[in-house]
1. Output the residue which, of all residues in the stretch 314-333 that are out of contact with any helix residue (DSSP H, G or I) (no Cβ under 6 Å at 6 or more places or on another chain) and either at pLDDT below 95 or outside any helix (DSSP H, G or I) (or both), is surrounded by the most Cβ atoms within 10 Å (Cβ to Cβ).
2. Quick check, is residue 297 among the β-branched types (Val, Ile, Thr) and without any contact (Cβ under 8 Å) to a residue 24 or more places away in the chain?
3. If you scan the stretch 21-55, which residues turn out to be surrounded by 20 or more Cβ atoms within 10 Å (Cβ to Cβ) and among the charged types (D, E, K, R)?
4. Taking the options 109, 45, name whichever one is among the aliphatic types (A, V, I, L, M), at negative phi, modelled with pLDDT of 95 or more and in a loop (DSSP other than H, G, I, E, B).
5. Just to verify a result, which residue in the stretch 82-101, among those that are touching a Leu at 6+ places or on another chain (Cβ under 8 Å) and under 25 Å from residue 201 (Cβ atoms), is surrounded by the fewest Cβ atoms within 10 Å (Cβ to Cβ)?
6. When the residues of the stretch 289-313 are filtered to those that are polar (S, T, N, Q) and part of a helix (DSSP H, G or I), which remaining residue is surrounded by the fewest Cβ atoms within 10 Å (Cβ to Cβ)?
7. Which of the residues spanning the stretch 285-312 are within 23 Å of residue 239 (Cβ to Cβ) and among the aliphatic types (A, V, I, L, M)?
8. Could you figure out which of (1) free of Cβ contacts under 8 Å to residues at least 12 places away in the same chain; (2) over 21 Å from residue 336 (Cα atoms) isn't true of residue 75?
Amino acid sequence: MQANEAFNLLAQDLRAIIARLAALTNEHRDTLMVARTFGGHALPITFGFKVAVWLSAGLRHAERLEVFRRNPLEGEFAGAAGSLASLQGFGLQVRRRLMARLGLPEPLITWGAMRDRVVERVMFLAALSGTLAKIGQDIAELASTEIGELAEPISGGKDASSTLPYKSNPVYCAQAAVAASRAAQYASTVLQSMRQHQERSAEGLLEFETVPQVFLETHRCVDRVRMVLDGLRVYPGRMATNLGLTRGIILAERYMMALAPYMGRLAAHDLLHEACKTAIERGMELSEVLGQTAEVTQFLDIETLAYLGNPRTYLGDAPEMLDQVLAAAGRFLEERRS
């Protein structure tokens, strides 16, 4: 009964998170930033696209949650071995009336020895926590001193370092990450409860200690991430500055693909590799280096190089994908309002 009620409450929080992510996606659909892979600069994206990726996962979790809400946990009334033998033929009638009084679905058969329905809900909670903690982790990394593109909401001193007066720590993101780690650890223990011996054994006792904790840690994670998103501070200027840190070499792929039809991809790759090296060593823009390279200018004029060097024109299908996620979020939120 508590698990079923908790999923209904969780649906409200998840809807609020989805609504906030959708608002951020729409607000920053054109806010340029650099994508990062394995800690390094990759290609231009927008902050709205990044948030839309987060949002898409939230929508998938919402779908999973709805399945659980439409199919709540069934009640159990089984007796020592599950046969209801002591009720002398009235077992199913008693069970039916008991489930009706408790507002729980009636099971087809005794399920105490088979814990799959409990486990799948616990795994969902751990997965949801993991997704939210990933969002918090991304935010915390982008809030670091060297990057400075995002910041947690002002917390009234709770984020202050205990020894460094100038320092604000992403404490809410850290708390979300810790909660998700605990939820995952408890969930792995719950998995062991599936291996009960015969009709009942001590493995089932593992649930008593761990299932409530997964719910509590998931709630803590959801609460912290929702708090962060509601007051998230975004710094588009810093995103633009960081995008230009590499002096255009993150667009080397684009130049290479533009030259490939003329000289072949491998030759274009080698040319761009040397051009990037020159740009880094001389502190020049990659487009400037290419504009001084005869092997390039015989095929690409200065205007073309300038166009290719504009990160806003190298977003691929990101805007269309973003719109698709926003449309899905809009349908989800509209359905929940009706």
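1. Residue satisfying both the conditions and the ranking: 315.
2. Values: among the β-branched types (Val, Ile, Thr): yes; without any contact (Cβ under 8 Å) to a residue 24 or more places away in the chain: yes.
Taking the combined requirement at face value, the residue satisfies it.
3. Within the stretch 21-55, just 50 meets the criteria.
4. On the way: 45 fails: in a loop (DSSP other than H, G, I, E, B).
Of 109, 45, the one residue that is among the aliphatic types (A, V, I, L, M), at negative phi, modelled with pLDDT of 95 or more and in a loop (DSSP other than H, G, I, E, B) is 109.
5. Here the residue is 91.
6. Within the stretch 289-313, the match that is surrounded by the fewest Cβ atoms within 10 Å (Cβ to Cβ) is 313.
7. Passing the criteria: 286, 306, 308.
8. With respect to (1) free of Cβ contacts under 8 Å to residues at least 12 places away in the same chain; (2) over 21 Å from residue 336 (Cα atoms), residue 75 is out only on (1).
The values are calculated or read from the model by the stated rules, or taken from the named source; none is laboratory data. None of these values were measured; they are calculated from a predicted model. Backbone-built Cβ (ideal geometry, glycine too); neighbour counts: all protein chains shown.
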